[in-house]
Amino acid sequence: MHIINQIYKASILSKLSLLVIACTMLLALFAEAIIPDKTVDANSMILELGAKAPGFTKTVFKIPVQKNIVKRTALSKFWYGEDAQWTYIPYNNLCFAENELLLVHYIDDTLEDTLKINYSTILPTSKWALRSTDKQAYILNQHTVTIHYLLGSDKYGRDILSRLVLGSRVSLAVGIISVVLTLLLGITFGMLAGYFGGTIDKIIQFIISIIWSIPTLLLVFAITLSIGKGFWQLFIAIGCSMWVSTARLIRGHVMSLKQNDYITAAKALGLSNWRIMYHHLLPNCSSIILVMAASNFASAILVEAGLSFLGIGIQAPQSSWGLMIKEQYNLIITDKAILALLPGFAIMLLVYAFHILGNTLRDLMDVKQN
């Protein structure tokens, strides 16, 4: 909390970066309560309404899905959403005939056709005794709805706003878990190499040099292809490829710290090596750890987006900002380029916020400047 107060008292950019990160976390946490499309993965497709510009509105007729709907608990709905219960048919006009509905089906701005829908497919048995006008009123009330695409729709007719918000969950989850793995490996190997030196240091430095010589993206490719594509595999791949920079910094810092008098005194008192490392060296590396965590968080988001764009990261129908760019990039040369640019702006804004946060932490914890 003290660090957050210090960041908030820093520059305007620092305050804005903290605000962006906090808002993104809140959006990710309460995504299903906020987004318009509350189905699982916001995967409600209306192919006729694909690639529509922001602000597009259309009235649709909804028909119950002919399958068993899984009943979810309130907690499950809050986090995952609910299974699709309706099939949506966009229409331009409708009229009623005896025991059937005539729907002027909207295909695109230039095409339409007529669909006939029998009352038996949409009316429950209890409503058959109603008068004809009451049946029609019931159908209009229960089966017609207007869909608003505030940020437009993707090429499959899914709401971009919903998938953009859900994509923040993936970016933050990849960042958090990858940073935890990165710090665990980096701190462990860096501390061992810097404290013990000698053969242990040479072995760890040799491992670091090998990993350092391989481009991060290629190393992530190799790990991903060896353990498989998917959500959890992505965390492992990114975390296991980004720890070397943390390990090198921790090693150098520990090598300078262990020359101090308080470490010599701790050894003279007979304290174990593990206690010295955990209680005396690790707390003094906290500034480096915090700065590296912020930097690695931004890098992990970029790597995840790149992998998803290339098709070996998050897999459809899950929502990821990189995957959204892959699905929409062909619109970049059309008048609907904004549909492809929106997830790119989201990545840029969040990564920039974490970089500003990392720079602020570095300045606040730099003893020479303070």
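The values are calculated or read from the model by the stated rules, or taken from the named source; none is laboratory data. Bear in mind the structure is a predicted one, so any value in this text is a computation, not a measurement. All Cβ positions, glycine included, derive from the backbone under ideal geometry; neighbour counts span all protein chains shown.
Residues that are under 28 Å from Asp109 (Cβ atoms) and hydrophobic (A, V, I, L, M, F, W, C) do occur in the stretch 25-35. Taking the stretch 231-320 and the helices (runs of 4 or more DSSP H) fully enclosed by it, the elements with 2 or more residues that are under 30 Å from Tyr156 (Cα atoms), at pLDDT below 85 and in the same structural domain as Leu341 (by TED's automatic domain parsing) are at 231-239.
For the stretch 217-240, check the following and say yes or no: at least one residue is farther than 30 Å from Ala316 by Cβ, of a type in the set (Ser, Thr, Tyr) and surrounded by fewer than 19 Cβ atoms within 10 Å (Cβ to Cβ). Scanning the stretch 217-240 turns up no residue that is farther than 30 Å from Ala316 by Cβ, of a type in the set (Ser, Thr, Tyr) and surrounded by fewer than 19 Cβ atoms within 10 Å (Cβ to Cβ).
Name the single residue that is modelled with the highest pLDDT among those in the stretch 23-65 being among the polar types (S, T, N, Q) and over 20 Å from Tyr91 (Cβ atoms). So that I can check it myself, show each step before the final result.
Of all residues in the stretch 23-65, those among the polar types (S, T, N, Q) come to 24, 39, 43-44, 57, 59.
Applying the additional criterion that residues be over 20 Å from Tyr91 (Cβ atoms) yields 24, 39, 43.
On the way: Thr24: 95, Thr39: 91, Asn43: 91.
Residue satisfying both the conditions and the ranking: Thr24.
Restricting to the stretch 133-148, count the residues that are β-branched (Val, Ile, Thr) and either buried (at least 16 other Cβ atoms within 10 Å of the Cβ) or assigned to a helix (DSSP H, G or I) (or both). Talk me through it step by step, then tell me what you get.
Within the stretch 133-148, the first condition is being β-branched (Val, Ile, Thr), and the residues that meet it are 133, 139, 144-147.
Filter again for either buried (at least 16 other Cβ atoms within 10 Å of the Cβ) or assigned to a helix (DSSP H, G or I) (or both), leaving 133, 139, 147.
Total meeting the criteria: 3.
Selection of the stretch 308-322 for residues being surrounded by 19 or more Cβ atoms within 10 Å (Cβ to Cβ), more than 10 Å from the chain's Cα centre (by Cα) and among the small types (Gly, Ala, Ser) yields Ser308, Gly313.
The set of residues in the stretch 170-216 being surrounded by fewer than 20 Cβ atoms within 10 Å (Cβ to Cβ), of a type in the set (S, T, N, Q) and either in contact with a Cys (Cβ under 9 Å, 6 or more places away or on another chain) or within 20 Å of Leu281 (Cα to Cα) (or both) consists of Thr188, Gln205.
Check the stretch 187-202 and report whether any residue there is assigned to a helix (DSSP H, G or I) and closer than 30 Å to Thr87 by Cβ. Looking for residues that are assigned to a helix (DSSP H, G or I) and closer than 30 Å to Thr87 by Cβ, one finds none in the stretch 187-202, hence no.
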